[in-house]
Every structure is written in C-alpha cells, then in structure tokens.
Amino acid sequence: MEFLTTSEAADYLRLGERKLYELVTNGAIPCTKVTGKWLFPRHELDLWVLSGMARPAGMLTAEPPPVVGGSQDELLDWSLRESGSGLGTMTEGSVRGLERLQRNEVMAVAVHFHSLDAEGNLASDASVTALRDAPDLHDALLVAFVRREQGLVLPPGNPKRLRSLADVLTLGARMAMRQQGTGAQMLLDVLLTRAGASTRDLRRVETPALTGPDLAEMVRAGQADCGVATRAAARSAGLDFVPLVWENFDLAMRQRSYFRPAMQALIRFLSERRLRQRAEELTGYDPSPAGQIRFAA
C-alpha cells in the first residue's frame with residue numbers, strides 16, 4: 001500500500017494543506033497517524049474521491065440494499081451485530097453471493113473461493129481471480145475480513161480415527177456435503193482433485209447442508225461421519241476437528257459501497273480489540289489482516 005505525506009496528499013487531491021488538515025480534524029478523509037505524522041493511503045484517497053462523485057441522472061445506479069450476501073460465518077455475523085452497521089445477511093455461498101453483487105442485489109458479499117494453480121497447489125488468491133474475471137464488476141474491491149481454519153468436522157472422540165481426507169476415502173466414511181458454489185465445497189473439490197479423486201469416490205450424504213453449522217449438526221446427529229467446515233463451527237457444536245488448510249475469508253463489494261455509512265461502521269469495527277478477542281474465543285481465526293484492501297479493480 002502506498003502512503004502519501006500531507007503535502008503529497010494535498011497536491012494529489014488539488015487541495016491546500018489547510019483544507020486537508022480541516023478534513024483530517026473532522027474525520028472526513030482516510031488517514032493514519034504514525035510517529036506524530038499524518039499519512040494518507042493513496043488507494044483509499046481514490047475510493048474517497050469516487051464515493052462522492054456526482055453523476056448525471058441517466059448514469060445514476062440504484063443503491064444496493066444494506067445486505068451482506070455470500071458465505072456464512074459466525075464471527076462475521078457477530079461483527080455485523082456488534083458494529084452497529086445495520087447490515088443484514090443472506091447466506092447462499094460464495095458463487096451465488098457474487099452473482100447477487102453483480103446484479104446490485106447486495107451491498108457486499110463474503111467469499112472464500114478455492115482453485116488449484118498451475119503446479120497443482122491451492123491458489124493463494126482464488127477470490128481475487130474470481131472478482132477479476134466476474135463480468136460487470138469493473139469497480140470491484142476485496143477487503144480482508146479474517147483467515148479461517150477449515151478441516152474435517154468429526155463426532156466427539158473421532159470414533160473412525162479419521163486423520164486426513166485420504167482416510168475418508170480409504171475407510172468409506174459417510175461425508176456430509178455442501179451445496180455447489182459454496183467455498184467449502186470448492187475446497188473439498190480441489191483437495192480431492194489434488195489427491196487424484198473426485199466426489200464420486202466418496203460415500204456421500206446426498207442432502208447438502210446450507211451452512212457450516214448445518215453440516216456440523218448433521219455430524220453431531222449421526223447422519224454423517226465427517227464433513228468440511230471451520231474449526232469454529234466444530235467447536236460450537238462440541239465436535240472434533242482435523243485441520244486441513246487456512247483460507248482467506250474476504251468481503252467483496254463495489255468501490256462506491258466502501259464509504260457508505262453502514263459499510264464504514266463495519267470497516268471501523270474490524271480494527272477494534274473486541275474483534276480479536278471474539279476471534280480467539282471462537283478459535284480457528286486469524287484476524288490480523290482484517291480491514292486490509294486485498295484487491296481493487
């Protein structure tokens with residue numbers, strides 16, 4: 001991230017330094033203070049300018065509803081409430097959430113895409129690629145929420161002694177599935193591909209679970225021997241957990257939505273100590289990247 005000094009920011013914005021300090025004092029411009037000096041993230045200045053852009057009537061677009069679509073996450077649900085953002089949720093998975101964002105039906109979408117790179121390893125920026133390739137998202141923005149631990153959710157005591165996805169395949173354990181288009185199902189698909197297998201090789205529970213907590217409940221109720229979900233979902237259900245990967249869990253939105261009051265309430269909350277404390281309580285979260293801009297179109 002490129003930072004500008006006060007004089008550089010004033011030149012960049014075509015403002016006098018006195019006016020810039022006035023904006024800083026009023027909390028009206030993105031900035032940070034380091035060792036007594038104000039610094040201005042250049043990219044956030046761009047977003048700030050774009051957020052106030054006036055457009056002719058024929059170019060105006062309807063504001064999306066204050067809803068975060070996409071993937072379900074316990075820490076995100078808690079943050080939406082505690083931040084006072086007023087943002088609601090619509091849990092449908094990463095793919096359907098991104099489709100709603102393209103249609104302007106949600107303000108943001110929680111995503112965790114997965115794919116394999118050319119060497120057959122898990123791609124580190126699959127969500128960035130998904131946004132870059134999405135039609136009608138020329139103004140996309142990806143903001144980091146947390147990193148999460150995904151793995152096998154298992155009954156208490158792990159009676160089948162499952163330690164890996166290979167064990168699931170070898171022992172024919174009943175596996176709960178997520179619906180297509182969810183990040184967890186994408187993760188399972190790419191891990192199976194890397195192992196030279198596919199979902200056809202699994203002993204599947206055919207009725208898919210809508211969310212990670214729903215999948216954990218299927219395992220707890222004895223309807224499945226295992227499934228892929230977060231460590232937090234396993235812990236909340238009192239289940240065992242075998243870690244598989246850490247993943248990026250991000251918020252995608254249009255750039256003009258970033259500075260909307262509801263979204264800014266959530267963004268400000270991401271730097272609060274309460275978020276880090278709650279992440280530690282739930283387990284399986286790394287909140288250190290929260291609020292960082294990971295991609296801008």
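Observations on the model:
- Residues satisfying the criterion are present in the range 86-108 (criterion: in contact with a Gly (Cβ under 9 Å, 6 or more places away or on another chain), under 30 Å from ALA197 (Cβ atoms), buried (at least 22 other Cβ atoms within 10 Å of the Cβ) and among the aliphatic types (A, V, I, L, M)).
- Matching residues, the range 23-69, being of a type outside the set (Val, Ile, Thr), in a loop (DSSP other than H, G, I, E, B) and either buried (at least 17 other Cβ atoms within 10 Å of the Cβ) or at pLDDT 90 or above (or both): PRO30, CYS31, PRO64, PRO65, PRO66
- Considering the range 121-130, and only residues there that are within 18 Å of the chain's Cα centre (by Cα) and in a loop (DSSP other than H, G, I, E, B), the residue that is nearest to TRP48 (Cα to Cα) turns out to be ASP125.
- For ALA234, the test of being within 22 Å of ARG163 (Cα to Cα) and either at pLDDT 95 or above or over 15 Å from the mean Cα position of the chain (by Cα) (or both) is passed.
- Count - residues of the range 131-148 that are surrounded by fewer than 23 Cβ atoms within 10 Å (Cβ to Cβ), assigned to a helix (DSSP H, G or I) and touching a residue at least 12 places away in the same chain (Cβ under 8 Å): 1
- Residues that are small (Gly, Ala, Ser) and in contact (Cβ under 8 Å) with a residue 60 or more places away in the chain do occur in the range 159-177.
- Just one of (1) part of a loop (DSSP other than H, G, I, E, B); (2) surrounded by 14 or more Cβ atoms within 10 Å (Cβ to Cβ) fails for ALA118. It is (2).
- From the list ALA134, ALA123, ALA118, ALA130, the lone residue that is over 19 Å from PRO213 (Cβ atoms) and touching a Phe, Trp or Tyr at 6+ places or on another chain (Cβ under 7 Å) is ALA130.
- Filtered residues of the range 105-114 (kept if touching a strand residue (DSSP E or B) at 6+ places or on another chain (Cβ under 8 Å) and part of a loop (DSSP other than H, G, I, E, B)): GLU105, VAL106, MET107, HIS112, HIS114
- Members of the range 70-85 found to be of a type in the set (D, E, K, R) and surrounded by fewer than 19 Cβ atoms within 10 Å (Cβ to Cβ), listed by number: ASP77, ARG81, GLU82
The values are calculated or read from the model by the stated rules, or taken from the named source; none is laboratory data. None of these values were measured; they are calculated from a predicted model. Note that each Cβ is placed from the backbone with ideal geometry, even for glycine, and that neighbours are counted across all protein chains shown.
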